[in-house]
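Novice: First the structure, then my questions, so here it is.
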Amino acid sequence: MIVNDPPYNVAVGNANTNNLFKISLEKYLDFSEKWVKNAITIMDKNAHLYIWIGTDYKDNFQPFPDFIVMMRKFKELRPKNFITLRNQRGYGTQKNWMWVRQELLYYIKGNPEFNVDAEYTDIPKILRGYYKEIKGKITENFERSKSKYIRAGNVWVDIQQVFYRMEENVPGCYAQKPMKAIERIILSGSSEKDLIVDFFAHSGTTLIAGEKLKRKVYTFDIDPIFAEITIRRLENFRKTGKTGWQWRNPFPEIENEAENKRWI
Ligand SMILES: C[S@@+](CC[C@H](N)C(=O)[O-])C[C@H]1O[C@@H](n2cnc3c(N)ncnc32)[C@H](O)[C@@H]1O
C-alpha cells in the first residue's frame, strides 16, 4: 500500500522550506507523473494507492483537477474513491464559504482486499425510518444494519485536524496529517507485516501509524530536517509511547544552545 502526501503546489503560509514549493502547473504535473510511475513500479500486483491532494481556488483550483486528469494516463490504476476530510477549523474570510476540506484520492492496482470494518466510526446511528420489506416483514434500518455506528463513507467528519494541544502535534510541520486518518487507511487495506510506503514523510505520520499497527513502513523525505524529525518521532514514540511533542520542540538542543549562549 502507498499513502503519499506530496506538496500541493500551493504556497503554504510562512512555510520555511523549499520543498513545500509552488512551481508552474506543467512542472508540477511532470513531478507528479514521475512519482506516480515510481509508485506503480514498486506496488504489488494487488495494491492500494492513496494520495492526499489540495486545490488553490485563487489559482483556478489547480492542481487537483489537473492531477486527476493526468492520472488517466496510468492504465494500471483504477480510480476507486475521492474522500474529503472535513476539518473543524478552516481558513477563509467573511466573504467566502470557509475552506474546511482536505481531499484524499484512492486508486487501486489489480484487485486488493478492502476491509470494510475499518470504515466504521464511533458515531452512533441516530436516524431511523428507512423501512423496507424483507421476506414479507416490514423492517426498519436499525434492525437490518450490521452496526450501531455509521460508516465514514467518503466524507470524513470524525477526525480532528492536528493542532498544538494534541499529543500528536509536531511543531514546525505545516502539513501534518491526522494519525487517525492514516490509521483508518492502513486498516482498510493491509494486514500486519504488510509493507506501507510513503514517499513524502514530513512529520512521519504514516511511519508512526504503521508502527502502531505493526506494519512495515518505508518512508523518506527530500528535506533532511523533515527526515530527521521523522526519525526522532519514531525514536520518541518507541521510548515514551507518545505520538508527537505537542507544543514542545523536537530539537531541544537548539533551544538549549541558545540558552547556553545567553550565559557565555
Ligand atoms: C505535504 S507534506 C507531507 C505531510 C505528511 N503526510 C505528514 O502527515 O506529516 C510533503 C513533504 O514532501 C517533501 N517532499 C517534497 N518533494 C519531495 C521529493 N521529491 N521527494 C521526497 N519528499 C519530498 C517535503 O519536504 C514535505 O515534507
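Novice: Restricting attention to segment 61-70, which residues are out of contact with any strand residue (DSSP E or B) (no Cβ under 8 Å at 6 or more places or on another chain) and either of a type in the set (Val, Ile, Thr) or at pLDDT below 95 (or both)?
Specialist: Residue satisfying the conditions is VAL69 alone.
Novice: Can you tell me which of ASP194, ASP221 is under 17 Å from ILE51 (Cα atoms) and among the acidic types (Asp, Glu)?
Specialist: ASP221
Novice: Sticking with this structure for a sec: Which one of these does GLY153 not meet: (1) within 16 Å of the ligand (Cβ to nearest atom); (2) part of a loop (DSSP other than H, G, I, E, B); (3) in contact with an Asp or Glu (Cβ under 9 Å, 6 or more places away or on another chain)?
Specialist: It fails just one condition, (1).
Residue-by-condition table, conditions (1) under 20 Å from LEU104 (Cβ atoms); (2) more than 16 Å from the ligand (Cβ to nearest atom); (3) part of a loop (DSSP other than H, G, I, E, B); (4) of a type in the set (D, E, K, R):
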| position | (1), (2), (3), (4) |
| --- | --- |
| GLU167 | no, no, yes, yes |
| LYS177 | yes, no, yes, yes |
| ILE185 | yes, no, no, no |
| SER203 | yes, no, yes, no |
| GLU211 | no, no, no, yes |
| LYS214 | no, yes, yes, yes |
| ASN256 | no, yes, no, no |
| LYS261 | no, yes, no, yes |
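Novice: Of (1) out of contact with any strand residue (DSSP E or B) (no Cβ under 6 Å at 6 or more places or on another chain); (2) part of a strand (DSSP E or B), GLU113 satisfies all except one. Which?
Specialist: For GLU113, the exception is condition (2).
Novice: So how many residues does segment 177-210 have that are within 19 Å of ILE231 (Cβ to Cβ) and either among the basic types (Lys, Arg) or out of contact with any strand residue (DSSP E or B) (no Cβ under 7 Å at 6 or more places or on another chain) (or both)?
Specialist: 7
Novice: For ILE134, only one of the following conditions fails: (1) exposed (fewer than 15 other Cβ atoms within 10 Å of the Cβ); (2) touching a residue at least 40 places away in the same chain (Cβ under 8 Å); (3) β-branched (Val, Ile, Thr). What is its number?
Specialist: Single failed check for ILE134: (2).
The values are calculated or read from the model by the stated rules, or taken from the named source; none is laboratory data. From a predicted model like this one, the values you see are computed outputs, not experimental measurements. Virtual Cβ from ideal backbone geometry, glycine too; neighbours counted across all protein chains shown.
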